1. Tell me which residues, restricted to the range 151-192, are surrounded by fewer than 18 Cβ atoms within 10 Å (Cβ to Cβ), of a type in the set (Gly, Ala, Ser) and closer than 16 Å to Ile237 by Cα.
2. For the range 50-98, give me the residue count where each residue is out of contact with any helix residue (DSSP H, G or I) (no Cβ under 9 Å at 6 or more places or on another chain) and either away from ligand 1 (no atom under 14 Å from the Cβ) or farther than 30 Å from Ser186 by Cα (or both).
3. Any idea which residue in the range 90-125 is nearest to Leu67 (Cα to Cα), counting only those that are open to solvent by 20 Å² or more (accessible area, probe 1.4 Å) and within 13 Å of ligand 2 (Cβ to nearest atom)?
4. Mind checking which residues of the range 126-138 are within 16 Å of ligand 2 (Cβ to nearest atom), of a type outside the set (Lys, Arg) and open to solvent by 30 Å² or more (accessible area, probe 1.4 Å)?
5. Test each condition in (1) in contact (Cβ under 8 Å) with a residue 60 or more places away in the chain; (2) within 25 Å of Ile181 (Cα to Cα); (3) not in a helix (DSSP H, G or I) for Lys73 and report the one that comes out false.
6. Among the residues of the range 167-176, is any among the charged types (D, E, K, R) and more than 20 Å from the chain's Cα centre (by Cα)?
7. Residues to consider are Arg111, Arg158; find the one that is more than 14 Å from ligand 1 (Cβ to nearest atom), more than 26 Å from Trp252 (Cβ to Cβ), in the same structural domain as Arg35 (by TED's automatic domain parsing) and touching a residue at least 60 places away in the same chain (Cβ under 8 Å).
8. Quick check on the range 193-214. Is at least one of its residues within 12 Å of ligand 1 (Cβ to nearest atom) and either in contact with a Cys (Cβ under 8 Å, 6 or more places away or on another chain) or open to solvent by less than 80 Å² (accessible area, probe 1.4 Å) (or both)?
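The values are calculated or read from the model by the stated rules, or taken from the named source; none is laboratory data. Quick caveat: nothing in here was measured; it's all calculated off a predicted structure. A quick note on method: Cβ atoms are made from the backbone with ideal geometry, for glycine too, and the neighbour counts reach across all protein chains shown. Side chains are part of the model used for accessible areas, which takes the heavy atoms of the whole protein and leaves out ligands, DNA and RNA. Shrake-Rupley method; radii C 1.70, N 1.55, O 1.52, S 1.80 Å.
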Amino acid sequence: MSIKVAIFGVGLIGGSLALCLKGKPGITVVGHSHRRESQRRIMDRGVVDAVTLSMEEAATDADFIFLCVPVSKLEPYLQQLSELPLKEGCIITDVGSTKASVAACAATFNRPGVHFIGGHPMAGSERSGVEAASSLLFENAYYVLTPSDDVPEQSYERLEQLLSHTKAQIVRVDPVLHDEIVGAISHLPHIIAVALVNQIRAYNNADTNGLYRMLAAGGFRDITRIASSDPVIWRDILLSNREILLTLLKDWNREMEAFIQVLEAKDGEGIEEAFKTANQFRSELPERRKGVITSLYDIYIDVPDHPGIIGQIATQLGDQHINLSNMQIIESREDVPGVMRLSFRQEQEMERAKQLLQSLNYKVYV
Ligand SMILES: NC(=O)c1ccc[n+]([C@@H]2O[C@H](COP(=O)([O-])OP(=O)(O)OC[C@H]3O[C@@H](n4cnc5c(N)ncnc54)[C@H](O)[C@@H]3O)[C@@H](O)[C@H]2O)c1
Ligand SMILES: O=C(O)C(=O)C[C@]1(C(=O)O)C=C[C@@H](O)C=C1
């Protein structure tokens, strides 16, 4: 059976989904680009089987349509799709970072035999564009689906089945609840990161000789990576989740106010308490690479940050027939060693890797 998947917006997320699906038995992936200039880049990157500027050409005969465009474009795209002759049984889904507004919009369409199921993969990056796409992006991440009650279970299961190629773990969440939670754990942190970078940027003037920028080290970089995210994508997300964010920001102001008070009162215990409480909750966050679907056994090693290091370690493990499931540099600065995470599907493989790497003088942490 052949399955046509149409991806509207072949950027970081659309391109990553395309990479997960392209080449899978019976699946053809067609990308839709709204700009002629992007067509070549998308083909050169090899993420889709074909790319078109025509919405109709992409959507016609598609079994699945993924909308992977900025949030403010989801509703106009849904509107345009509703006027096209779509295939009976077609499932339209999206990957937008907010879910309530697109769900409300989809509820106004009544196309027999065509169903909308909102989606949001909880994985991403501060990078954007098809160049940043990766087939591993969603592996073991959560992938939220927000079907309305009138979506037949069979359609939901078909989408779930297709998404199994991403190796993400599907969770079903109500769209409004999704926006409240994701507002708190994703959108608010992006605002805080941007505000923090801009605050420090203002101190980094000629009077201070650029020392703020020069001395900014691990802590600042760790908390501000996401401040480099795409401005248009984030403009749309924040405006779409505006009301929830306004409430969250008022709570944030209260948290800051509490810190001001403990500092004014020189309340050392209060400071310790705040760090202890945060530390406890943070340590309970699920380790992303240890998703419920497949348990992975991870080890960490310090590695010099030079080109080819990933290949070198993969070869050393491969020579000993140690099966590696994944490897990733999780902290990489030009001037200091990075930390590499190596994941194995079996504990025994992890133990063998640990012994080998220690014998090769790598510092190994479990
Ligand atoms: N970046 C993340 O970490 C992340 C994670 C999960 C979900 N999302 C969501 O995924 C969607 C895509 O984000 P991304 O990070 O892949 O961004 P991206 O910039 O990498 O890709 C966006 C795609 O949309 C296209 N596009 C841009 N403006 C358009 C317009 N006006 N009309 C039609 N197409 C347009 C671009 O050409 C590109 O192909 C967004 O809705 C975002 O909220 C992002
Ligand atoms: O890792 C990042 O860079 C992300 O910003 C990913 C992230 C997040 O905040 O966790 C960003 C937006 C999404 O909609 C989902 C995931």
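1. Correct list: Ala184, Ser186.
2. Our first condition is that a residue be out of contact with any helix residue (DSSP H, G or I) (no Cβ under 9 Å at 6 or more places or on another chain); within the range 50-98, this holds for 54, 56-58, 60-62, 76, 82-83, 88.
Among the residues that remain, those that are also either away from ligand 1 (no atom under 14 Å from the Cβ) or farther than 30 Å from Ser186 by Cα (or both) are: 54, 56-58, 60-62, 82-83, 88.
Total meeting the criteria: 10.
3. Among those residues, the one meeting the criterion is Ser97.
4. Answer for the range 126-138, where residues must be within 16 Å of ligand 2 (Cβ to nearest atom), of a type outside the set (Lys, Arg) and open to solvent by 30 Å² or more (accessible area, probe 1.4 Å): Glu126, Ser128, Glu131, Ser134, Leu136.
5. (3)
6. Step one: filter the range 167-176 for residues among the charged types (D, E, K, R), giving 167, 172, 174.
Checking the rest, the ones that are also more than 20 Å from the chain's Cα centre (by Cα) come to none.
Checking the range 167-176: not a single residue is among the charged types (D, E, K, R) and more than 20 Å from the chain's Cα centre (by Cα).
7. Numbers: Arg111 fails: touching a residue at least 60 places away in the same chain (Cβ under 8 Å).
None of the others qualify; the one that does is Arg158.
8. Taking the range 193-214 as the starting set, the residues that turn out to be within 12 Å of ligand 1 (Cβ to nearest atom) are none.
For the range 193-214, residues within 12 Å of ligand 1 (Cβ to nearest atom) and either in contact with a Cys (Cβ under 8 Å, 6 or more places away or on another chain) or open to solvent by less than 80 Å² (accessible area, probe 1.4 Å) (or both): absent.
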